[in-house]
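Reading through the structure tokens given below for one structure.
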Amino acid sequence: MTTQNIQIGIDLGTTNSEIAFNRNGSVEIVKNVLGDEYTPSVFGVNKAKNIEVGKPAYQKLYGEESQHYKAEVKRLMGTADTVHFSRLDKDMTAEEISAEILKSLKSDVLRKYPEANASAAVITVPAYFSTLQAEATKRAGELAGFKHVVLLQEPIAAAMAYGFNNAKNETWLIYDLGGGTFDIALISSQDGMLSVLGHNGDNFLGGKNFDWVIVDKIIVPKLLEQFALKDFSRANKDAAVQSMFAKLKRIAETAKIMLSQEAKTTLEIDIGKDDEQKDIYLTIDFSRKEFEKLIEPFITQTIDLTLDTIKEAGVKKTAVSKIILVGGPTQIPYVRERLEGALNIPIDSSVDPLTVVARGACIFASGQRVPQDLMEEKKERSNGTKEIVLHYEPMTAETESLVTGIIKDLEEDIDGYYVQIQSESGYYNSSKVKVKNGKFFDTLSLEQNKTNLFWIYLFDKKGNSIPLYPDSFSITHGLTIAGAPIPHTVGVSILDKGSLLSGVPVEKFDSFIEKGSILPAKKTKTYQTARKLVKNDTVNKLLIKVLEGDSEDPNNNDYVCELGIKGADLPHDLPEGTDIDVTISINESRELSVEYYISSVDISGNARATIRDEVIDTERIGRELNLQKVRLEKNKAVYSDEDKKKIEEEISTLETSLKNSGADEDEKRKANKQLKTLKTKMEKLEKGKEMPQLISDFNDKYQDTLSMVDNFSEIKSREKNLEHLEVLKKEGDKAITNNDKVLLARVNAQLFELGARIVLNTQQTLAYMFDKMSNGEEKFSNQQEAEYFIDKGRQAIKDNDPDELKRCVQNLMSLLSADSQRKISSNLAGITTK
Ligand code: ADP
Ligand code: MG
């Protein structure tokens, strides 16, 4: 059979992956060689230097060879991070590793169905995936040999798996708690049309967190109590310690899964020897109730996000007719109880939560066509086979559907040929349809709520059958989906020159394609160049930065790519203020491209500079986190007690992530994401303020900042800072006169940032000077006194107390010779401004 529709749907999961195959209209989850419907998303290299994927790799993940195996690579998708495989002497990216997992799934299908068309596939991604993550997934599919890859969001796939049997007018929640990600989506189906009303998610919440909390809160405290274990923490990079923690995680996971069935279990810990060579052996009784208490905050978080999603979509809770459960952890009884209690919406888990996404992806696939050129590539035609090009709607809510076809070879023939179309089930059987000048059409009757497979036969006038390519196609009746919606607003960063804050340029996020838009989408906007671009200048580029996210402040959004316009391309200098058209387009598979066009010189460009995620600097995150704490304190009048508590909780989880980020790249990304979310949230809360509040904020902030300029500015930058402050003061006064809330809020944010920058620069400077003086190389006139200030200074850095640090640095300086003082100060120049 050579069908025109995509036959393969894949759920490429963080923890497990599944593949579904559509054979003659029926969807089957294809089992792997071991007979399992799911394959652990684990990749590694064995002793013989052969690649291993799936369960065998998963089993080695926790043994002696753990350093040769890698799990949860989906979390690295779209980043520049690589994983080193010493047995291959090779660094691999997330997409290369994912490609190996995809190849293994593909081979499971081809083993069972050698005739399958494996040139195309639908692959699912979490709804919350960024553009870079989605694009990397698509590349993984291509690396695995799928020439045509269509991406579909997991919750939509799940809805399709359910909606397929139930095409009523309804609104559903898709609650997907996986091994590493949580996604909540509100989906409605109206007259067979599926749409996403809203969604939320957390890329860093899943079953894995439950395993770790068992390790951290139950197992580790007992181990520390009973055994000699120095530096025993997850942050310790030592291989032996890491391997012990890997074993503990496995023990915790097994217990967790047991507790979905049983009320009690025993954690049996047998993980090697402690520092005194004593065997670490221990059993701990662990009950479902204890487990529930541990995961309570995580589940509450998912429920909060669920309620937010309903609220944001403007839908009444009673209008949601069911919650569909997706993902392994939804088998935990407590999850269901909490959902029922908090939402009072019936739960449906009738389709296996582990394979529902792949099933839905496959149903969606059957409504997608394999591109014509790929069909041609695949053909192995016997002599005389005629090629046919078919036109039809592969997915429809109508019960009748038009199909037209062109048989090129027969364009010259006047008459005599005819086709017949038959559905696999026998539901539809056409009469003889004449082929005129190679063309024909027919109206098909569809069986409702299923994929209808049609066979098409060609006969000559004598009634001889003539082979056709392709010889079948399918039309899915039931839900239709116009296309996948995008999860984040995409836009550019623009320089907001003087319009708001005279003379002080501020970067602002300007939206192009709104969150929820159906793909493909495209938009062009006209801007002006922000500064002069000199012909032949190869260094200074005019940057177009593409970002995605919900914040007005570009720094809080995620970076997608940038495009630099170089002077080298110009026929003459380009003055400031030249019109420039910027176009952003995103295709069905979330691939984003950006183009510019400058009509005055007829120059355009579309290069994509980056395909990788930003580099994450934990020091910066730490500094920014401290700033947010100060900000919360300064603005505390704005926050309700409840909001304040929430923000404080977020700050504290961020601190934990930051602490763990030393050994764990994943925690690093988590911290980065949390910081952005935190800042966006604070921005929103602060913006909701009323005028009198804003005025009082303005006055306070002005005074604060003025004293910071006086106390902290280096002499060099003092003038500049004062000047900047005065501009802001004027703007603020103007905003108050004009009763302009938006402008005043903006000025306040700017005041805060100015103050923060002064302190931050000073802090960096002080910290640098302190470092130089405390490294033991300097001779102080009074060593004892110096040590006293060094200790105090260290504490001041820990406490984030710039005043105290400043005093210590001044005191230490006074204990140094003039020569040493000069040496330390001269090194400063390069690092004072960032
Ligand atoms: P992903 O979508 O991230 O690949 P899955 O939906 O496959 O994740 O879920 C994997 C997670 O589900 C793992 O953390 C696993 O421990 C957990 N899990 C699987 N079965 C159960 C169960 N019966 N009870 C609780 N957790 C389970
Ligand atoms: Mg999943």
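The values are calculated or read from the model by the stated rules, or taken from the named source; none is laboratory data. These figures come from a predicted structure and were not determined experimentally. With ideal geometry, Cβ positions are generated from the backbone for all residues, glycine too; neighbour counts draw on all protein chains shown.
Couple of notes before you dig in:
- Residue among ASN606, ASN540, ASN587, ASN556 that is touching a strand residue (DSSP E or B) at 6+ places or on another chain (Cβ under 9 Å), buried (at least 16 other Cβ atoms within 10 Å of the Cβ) and over 30 Å from ILE647 (Cβ atoms): ASN587
- So ALA159, is it among the hydrophobic types (A, V, I, L, M, F, W, C) and surrounded by 24 or more Cβ atoms within 10 Å (Cβ to Cβ): yes
- Within region 154-192, the set of residues being in a strand (DSSP E or B), over 13 Å from LEU325 (Cβ atoms) and either of a type in the set (Ser, Thr, Tyr) or modelled with pLDDT under 85 (or both) comprises GLU170, THR171, SER188, SER189, GLN190.
- Residue in region 91-100 that is more than 15 Å from ligand 1 (Cβ to nearest atom), without any contact (Cβ under 8 Å) to a residue 60 or more places away in the chain, under 30 Å from ARG369 (Cα atoms) and of a type in the set (A, V, I, L, M) present: yes
- Residue tally, condition touching a residue at least 12 places away in the same chain (Cβ under 8 Å), among the polar types (S, T, N, Q) and not in a loop (DSSP other than H, G, I, E, B), over region 391-442: 6
- Pairs, first touching a residue at least 60 places away in the same chain (Cβ under 8 Å) in region 783-801, second of a type outside the set (A, V, I, L, M), C-beta under 7 Å, six or more apart: ASN800/ASN626
- Extreme residue, nearest to ligand 2 (Cβ to nearest atom), among residues of region 338-349 that are in contact (Cβ under 8 Å) with a residue 24 or more places away in the chain and of a type outside the set (Val, Ile, Thr): SER349
- Answer residue from region 1-14, given it is modelled with pLDDT under 95, crowded, with 24+ Cβ neighbours inside 10 Å and β-branched (Val, Ile, Thr) and is nearest to ligand 2 (Cβ to nearest atom) among those: ILE6
- Checking the stated criteria, VAL73 turns out not to satisfy the condition of being at pLDDT 95 or above, in contact with a Ser or Thr (Cβ under 9 Å, 6 or more places away or on another chain) and either crowded, with 19+ Cβ neighbours inside 10 Å or over 21 Å from ARG359 (Cα atoms) (or both).
- The C-beta contact set for region 326-337 (first residue closer than 14 Å to ILE303 by Cβ, second residue outside any helix (DSSP H, G or I) and more than 9 Å from ligand 1 (Cβ to nearest atom), distance under 7 angstrom, 6+ apart or interchain) comprises THR330/TYR175; THR330/SER349; ARG336/ILE347.
- LEU354 vs. criteria in contact (Cβ under 8 Å) with a residue 40 or more places away in the chain, part of a loop (DSSP other than H, G, I, E, B) and not charged (D, E, K, R): yes
- Residue check, SER774 buried (at least 16 other Cβ atoms within 10 Å of the Cβ), modelled with pLDDT of 80 or more, farther than 18 Å from ASP697 by Cβ and of a type in the set (Ser, Thr, Tyr): yes
- Against the numbered list (1) farther than 13 Å from LEU339 by Cβ; (2) more than 16 Å from ligand 1 (Cβ to nearest atom); (3) not hydroxyl-bearing (Ser, Thr, Tyr), LEU307 comes up short only at (1).
- Residues located in region 28-39, provided they are out of contact with any Gly (no Cβ under 7 Å at 6 or more places or on another chain) and either assigned to a strand (DSSP E or B) or away from ligand 1 (no atom under 14 Å from the Cβ) (or both): GLU28, ILE29, VAL30, LYS31, VAL33, LEU34, GLY35
- Meets criteria (at pLDDT below 85 and crowded, with 20+ Cβ neighbours inside 10 Å) for ASN660: no
- Qualifying residue in region 344-354 (condition: touching a strand residue (DSSP E or B) at 6+ places or on another chain (Cβ under 7 Å), away from ligand 1 (no atom under 15 Å from the Cβ) and closer than 26 Å to VAL149 by Cα): no
- Residue list for region 258-283, restricted to those being without any contact (Cβ under 8 Å) to a residue 40 or more places away in the chain and within 16 Å of ligand 1 (Cβ to nearest atom): MET258, GLN261, GLU262, ALA263, LYS264, THR265
- Just one residue in the set LYS273, LYS247 is more than 20 Å from PHE291 (Cβ to Cβ), modelled with pLDDT under 95 and over 27 Å from the mean Cα position of the chain (by Cα); that residue is LYS273.
- The criterion of at least 1 residues that are aromatic (Phe, Trp, Tyr) is met, among strands (runs of 3 or more DSSP E) falling completely within region 40-152, by 42-45, 69-71, 82-85.
- Residue match in region 366-382 (condition: without any contact (Cβ under 8 Å) to a residue 60 or more places away in the chain and within 16 Å of ligand 1 (Cβ to nearest atom)): no
- Taking every residue in region 3-19 that is closer than 30 Å to TYR469 by Cα and pairing it with any residue that is away from ligand 1 (no atom under 15 Å from the Cβ) and of a type in the set (Asp, Glu), at least 6 positions away or on another chain, the pairs with Cβ-Cβ distances below 8 Å are ILE19/ASP108.
- Close pairs from region 518-532: first closer than 21 Å to SER589 by Cβ and at pLDDT 80 or above, partner part of a strand (DSSP E or B) and aromatic (Phe, Trp, Tyr), Cβ under 7 Å, at least 6 apart: LYS523/PHE512
- Considering only residues in region 210-235 that are touching a residue at least 60 places away in the same chain (Cβ under 8 Å) and buried (at least 17 other Cβ atoms within 10 Å of the Cβ), the one that is farthest from LYS273 (Cα to Cα) turns out to be PHE210.
- Complete set of residues in region 89-107 that are over 20 Å from GLN59 (Cα atoms) and surrounded by fewer than 18 Cβ atoms within 10 Å (Cβ to Cβ): ASP89, LYS90, ASP91, SER107
- Residues that are within 24 Å of GLY179 (Cβ to Cβ) and either of a type in the set (Phe, Trp, Tyr) or modelled with pLDDT under 95 (or both), drawn from region 218-235: SER233, ARG234, ALA235
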